[in-house]
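The structure under discussion appears below in the form of structure tokens.
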Amino acid sequence: MIFTMQDNNFKTTTMKFIKKLSIFLAVAAFWIAVWQLLYLYIGNMYILPSPLSVGATAAELAASGEFWLTVATSFVNIFKGFLLAHLTGILLAVVTAKSKVVDAVFAPIMAIVKATPIASFIILLLVMLGKDAVPETAAFLIVVPTVWENMLSGIKSLDKKLWEVTKIYNFSLKKKIKFFYIPSIMPFFVPAFKATLGMAWKAGIAAEVICNIANTIGGKIYDTKVYLEIPELFAWTAVTVIVSIILEKLLMLLINAVGGKDKR
């Protein structure tokens, strides 16, 4: 009986995966076909290269060790800013939730940071810090306000009755974190984490392009502009999108394992 249930669950999971994969491939095929038709209609590879040329260029790039080093460099630089922004945003949320004075001091700063165009920040950071520090700092600045807002809302919405229950039953700190804080905060943390990951990645790549940082994805995109290597431009752009999607999926699996269920 147990094996029958396990077999049924495995079959159901497999069928769902096959269905999702089939839909994804069908949609991808449709848009590649649209792309090919546009390429044939325009007839100018310097405006729109063909899907085949972009695919061949991407495969050629991926075959070199320099490609993976470039992707890793961009990932490390941007992800450092992303993680630091989350730690800072959470810490600020805790502090501002407890102190109205601190909240009054930091709220306008967060509003200004959130409203300022990222291009302005990148140029200012380039002048003040030098180009190597710009991608992670740009990622940091674009993420902090959103994390702070969401976590502050989560802290303010904590159920006081449930908190009293943890005190009545003398929960240890570990149990409080597991059974009270994480379930209460995750509905606010997960959307912020998911939304800001893409924001940080785009801001970091934009900073690399503007600053023309060598051995980064943004630096490679800048080079394609200079040398008019349009298929390579499309290939690196595709790499940027694909890496962002993969990162999101992997990190959301990690977050779900901790306790934030997100089935999208």
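Looking only at Glu60, Glu208, Glu164, which one moves most when the chain is put into a Gaussian network model with springs between Cα atoms under 10 Å?
Looking only at Glu60, Glu208, Glu164, the largest GNM fluctuation is found for Glu164.
Efficiency by 1/(1 + (r/R0)^6): what FRET value for Thr13 and Val113, r their Cβ-Cβ distance, R0 = 30 Å, to the nearest 0.05? Mind showing how you got there, number by number?
On the way: r = 43 Å, r/R0 = 1.43.
Once the sixth-power term is evaluated, E becomes 0.10.
Might you work out the accessible area of Phe140 for me, using a 1.4 Å probe with all protein chains in place, and round it to the nearest 10 Å²?
50 Å²
Which of the DSSP-defined H helices in the chain satisfy a minimum axial length of 18 Å, computed from C-alpha atoms, and a minimum mean Kyte-Doolittle hydropathy of 0.0?
Working: long enough: 2-42 (60 Å, 0.82); 65-98 (50 Å, 1.27); 100-115 (22 Å, 1.55); 134-156 (33 Å, 0.90); 182-211 (41 Å, 1.21); 230-258 (42 Å, 1.83).
Membrane-span-like by this criterion, though nothing is claimed about a membrane: 2-42, 65-98, 100-115, 134-156, 182-211, 230-258.
How high is the FRET efficiency from Val76 to Ser22, r the C-beta distance, R0 51 Å, rounded to 0.05? Numbers along the way, then the final one.
Numbers: r = 35 Å, r/R0 = 0.69.
For R0 = 51 Å, the calculated efficiency reads 0.90.
Any idea how far apart Ala63 and Trp35 come out in nm if each label point goes 7 Å out from Cα toward Cβ?
Each label point is offset 7 Å from its Cα along the Cβ direction, giving 1.9 nm.
Can you compute the helix-only [θ] at 222 nm over the chain? Use -39500 (n - 2.57) per DSSP H run of at least 4 residues, normalise by all residues, nearest 500 deg cm²/dmol. Working shown, then result.
Details: 11 runs with 221 residues, N = 264.
That comes out to -29000 deg cm²/dmol.
Computing the accessible area with a 1.4 Å probe over protein heavy atoms, can you report the carbon and sulfur percentage for the chain? Kindly include the intermediate steps, with their values, before the conclusion.
Working: 11880 of 16560 Å².
Looking at the chain in its full context, I get 72 percent from C and S.
Highest mean first, what order results for 43-55, 170-182 on Cβ atoms within 10 Å?
Working: 43-55: 14.7, 170-182: 12.6.
Packing proxy ranking, top to bottom: 43-55, 170-182.
Using 0.36 nm per residue, how much length does the chain from Leu124 to Lys98 gain when fully extended, once their Cα-Cα distance is taken away?
Working it through step by step, the gained length comes to 6.1 nm.
From the Cα gyration tensor of the range 16-64, with a ≥ b ≥ c the square roots of its eigenvalues, which class applies: rounded if a/c is under 1.5, or else prolate if a/b is larger than b/c, or else oblate? Each step should come with its number before you reach the end.
Numbers: a/c = 5.26, a/b = 1.40, b/c = 3.74.
Since a/c reaches 1.5 but b/c is at least a/b, the shape of the range 16-64 is classed as oblate.
With bins 10 Å wide starting at 0, give me the P(r) of the range 96-135 over every alpha carbon pair, in whole percents.
Bin by bin from 0 Å, the calculated values are 28, 34, 27, 12.
Within the range 217-244, name every residue whose backbone N is under 13 Å away from a label modeled 7 Å from Cα of Ile42 along the Cβ vector.
Answer for this model: 230-235.
Taking only protein heavy atoms and a 1.4 Å probe, what accessible area per residue, in Å², does the chain have with all protein chains in place? Walk me through the numbers before you get to the answer.
Details: 16560 Å² over 264 residues.
I get 63 Å² per residue for this part.
Sorted from largest down, give the three principal axis spans of the alpha carbons of the range 14-115, whole angstrom values.
Here the Cα extents, ordered largest to smallest, are 62, 38, 31 Å.
Suppose R0 equals 22 Å; then what is the FRET efficiency for Phe179 and Met199 from their Cβ-Cβ distance, rounded to the nearest 0.05?
Values: r = 31 Å, r/R0 = 1.43.
Calculated transfer efficiency: 0.10.
Quick check: from the Cα gyration tensor, does the range 74-123 come out rounded (a/c under 1.5), prolate or oblate?
Working: a/c = 4.70, a/b = 1.44, b/c = 3.26.
Here the range 74-123 falls in the oblate category.
Between Val209, Val144, Val94, which gets the highest mean-square fluctuation from a Gaussian network model of the chain, Cα cutoff 10 Å?
Comparing Val209, Val144, Val94 in the GNM, the peak value goes to Val94.
Take every Cα-Cα pair in the range 106-264 and report what % of them are more than 24 Å apart.
Details: 6192 of 12561 pairs.
More than 24 Å apart: 49 percent of the Cα pairs in the range 106-264.
Between Val165 and Leu253, 0.36 nm times their residue separation minus their Cα-Cα distance comes to what? Could the numbers behind the result be given before it?
Details: separation 88, 0.36 × 88 = 31.68 nm, distance 3.05 nm.
Between Val165 and Leu253, full extension yields an extra 28.6 nm.
The values are calculated or read from the model by the stated rules, or taken from the named source; none is laboratory data. Values in this document were obtained by computation on a predicted structure and should not be read as measured data. Glycine also receives a Cβ, built like all others from the backbone with ideal geometry; neighbour counts cover every protein chain displayed. For the accessible areas, the whole protein counts, side chains as well, though only heavy atoms, and no ligand, DNA or RNA atoms are used. Shrake-Rupley method; radii C 1.70, N 1.55, O 1.52, S 1.80 Å.
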